[in-house]
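Down below is the structure, laid out as structure tokens.
The values are calculated or read from the model by the stated rules, or taken from the named source; none is laboratory data. Keep in mind the model is a prediction, meaning the values are calculated, not measured. Positions of Cβ are generated from backbone atoms using ideal geometry, with glycine treated the same way; all protein chains shown enter the neighbour counts. Protein only, heavy atoms only, side chains kept; ligands, DNA and RNA dropped before computing areas. Shrake-Rupley method; radii C 1.70, N 1.55, O 1.52, S 1.80 Å.
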Amino acid sequence: MGDPEFDFCVVIDDDDDILMASRLLLRRLFKDVEAVRSPDEALPLVRARTPDAVLLDANFARGATDASEGLAFLDKLLAVDPEMVVVMITAHGGVQVAVSAMKRGATDFVSKPWSNEKLLATVRTAASLRRSRKAVGGGNAAPAPAAQAGASPLLGDSPAMARVHSLISRAGPTDANVLVLGENGTGKELVARELHRQSLRANQVMLTVDLGAVSEELIDSELFGHVKGAFTDARTDRVGRIQAADGGTLFLDEIGNLPLRLQPKLLTVLEQRQVTPVGANKPVPVNIRVIAATNLPPEKLRDESHFRQDLLFRLNTVEIDLPPLRDRREDVPQLIEHYLQHYAKRYGRPVPALSPAARMALLDHDWPGNVRALRHALERAVILAREEALEPEDFALVRAMPRVVPAAAITPPRPPGPSDDLNLERVERRLVEEALKKHGYNISLAANELGLSRAALYRRMEKHGL
């Protein structure tokens with residue numbers, strides 16, 4: 001057994017046997033597992049440290065079966081950190097408790113008694129989601145808090161962004177399905193959240209499914225759910241994300257990764273407004289609005305061998321194409337000021353000044369990773385800032401800026417030889433950088449070339465400050 005994949009997990013349950021069993025089991029995944037008997041004991045833990053996952057029992061009072069205590073504490077956890085990943089532990093109420101929990105922001109659920117492998121798989125997926133959110137600056141599956149409804153998180157006053165805002169304001173209040181196109185890091189999930197905020201469903205749930213982070217064999221169950229006995233490991237009913245989003249918005253990120261075999265099933269859901277869980281005989285009515293996003297180029301998206309065109313027509317009633325940052329350079333100063341202030345506040349630092357050379361370097365850079373790359377560069381600079389103004393060398397991505405190289409100095413690349421740098425950390429960083437640049441910071445393509453999952457690539461990007 002290798003080293004644990006994640007750092008910290010909290011388990012909250014009033015059953016000492018459950019606490020002991022889960023603590024021992026979850027040490028396979030986490031370096032540190034804290035197990036507590038009451039929600040009140042957990043709050044100081046989650047405030048002091050950011051857990052990769054929280055397992056929360058649905059009921060605490062003797063004889064309680066309505067999950068009211070667990071759901072109330074779920075709200076408190078998400079108030080502390082809206083991006084917290086919470087897996088509900090249910091023993092009573094089955095699917096209805098799970099649906100209620102997921103509508104209020106829970107990431108997933110497990111039922112008592114559980115299979116150890118099922119619990120490990122569920123919690124590993126949840127913790128990976130948390131890590132991916134941190135890497136990409138994504139959101140959570142909970143409804144957007146009303147307090148955040150005052151202003152759009154989409155920054156930029158350029159003509160290109162003005163068109164995006166116009167499309168959002170016109171499409172948002174309708175129930176039309178929307179397809180958001182754009183390169184990695186352009187802010188597709190922010191567009192989805194703004195569409196939801198401006199919709200008539202704003203007070204209902206917005207559930208996100210990242211189809212690029214879910215393994216192909218699990219997508220069917222993740223989206224559509226399954227009933228007990230549907231397949232070998234289906235020991236309990238599982239509500240799918242489509243059903244859990246009933247009444248609200250379902251955001252299908254990386255829709256281009258939906259396997260061809262499942263595309264007709266999603267098309268049926270959109271056409272008939274009902275979903276049939278795997279192994280079930282009766283469909284369940286659903287009332288959802290679908291927002292989808294992809295970084296696929298238009299020619300691939302419109303290739304019938306890769307994506308069904310009848311499904312595409314259902315998804316792109318309205319199509320919003322997000323411009324890359326290099327095509328809206330006039331927005332960069334606003335983004336710089338916003339993120340310098342944001343990260344200075346987060347890390348308790350003074351807002352650093354930029355030297356003229358640093359500002360020019362940031363404005364001239366092409367930012368192949370788009371807003372995400374700019375944000376990461378600014379966050380790193382705030383963390384490592386000295387007292388004086390920031391200089392170009394304080395930004396990791398400055399090295400990627402074009403520079404004039406004498407023709408005589410240009411030599412063709414050669415394969416590494418015995419005398420080359422063999423430091424594993426530096427070699428890994430170089431390979432990740434080369435794969436990202438080769439594929440224009442398309443995470444899916446770069447991960448595929450490196451033989452990694454998207455989540456694993458995000459972890460390495462975060463590790464190396466990329």
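At 1.4 Å probe radius, can you tell me the per residue accessible area of segment 263-400 in Å²?
Numbers: 6760 Å² over 138 residues.
Here the residues of segment 263-400 average 49 Å² of exposed surface.
Under a 5 Å amide H cut-off, with hydrogens placed 1.01 Å from N, V11 pairs with E34, A35, V36, L55 among residues at least 5 apart or on other chains.
Relative contact order, whole percent, for segment 326-395 stands at 42, derived from Cα pairs under 8 Å and 6 or more residues apart.
Counted residue by residue at 0.36 nm each, then reduced by the alpha carbon distance between them, the extension gain from T268 to D81 reaches 63.7 nm.
Were the residues from E449 through V427 laid out at 0.36 nm apart, the gain over their Cα-Cα distance would be 6.4 nm.
How much of the DSSP bridge set in segment 159-323 is antiparallel, in percent, rounded to the nearest 5?
Beta bridges within segment 159-323, antiparallel portion: roughly 15 percent.
Which pairs in the list K31/K438; K112/K265; K118/K463; K265/K300 are over 23 Å apart, alpha-carbon to alpha-carbon? Write out the running numbers ahead of the final one.
On the way: K31/K438 35 Å; K112/K265 30 Å; K118/K463 29 Å; K265/K300 21 Å.
From K31/K438; K112/K265; K118/K463; K265/K300, over 23 Å: K31/K438; K112/K265; K118/K463.
Most tightly packed first, judged by the mean number of other beta-carbon atoms within 10 Å of their residues, the peptides 157-164, 241-248 read 241-248, 157-164. Once you reduce segment 318-350 and segment 161-211 to the center of their Cα atoms, the two points are 18 Å from each other.
Structural descriptor for segment 6-135: relative contact order 23 percent, calculated from alpha carbon pairs under 8 angstrom and at least 6 residues apart. Annotation: per residue accessible area for segment 1-132 equals 43 Å², rounded to a whole number [probe 1.4 Å, protein chains only].
Annotation: amide H-H contacts under 5 Å for L322 (H modelled 1.01 Å from N, sequence separation of 5 or more, or interchain): L181, G182.
The portion of the accessible surface of segment 159-323 made up by carbon and sulfur, rounded to a whole percent, is 50 (1.4 Å probe; DNA, RNA and ligands excluded).
Once you have the Cα-Cα distance between L120 and Y347, take 0.36 nm times their residue separation minus that, and quote the gain in nm to one decimal. Walk me through the intermediate numbers first.
Numbers: separation 227, 0.36 × 227 = 81.72 nm, distance 3.30 nm.
This chain segment gains 78.4 nm when fully extended.
Look at where the Cα atoms of segment 1-53 and of segment 351-380 average out, and the two centres are 38 Å apart.
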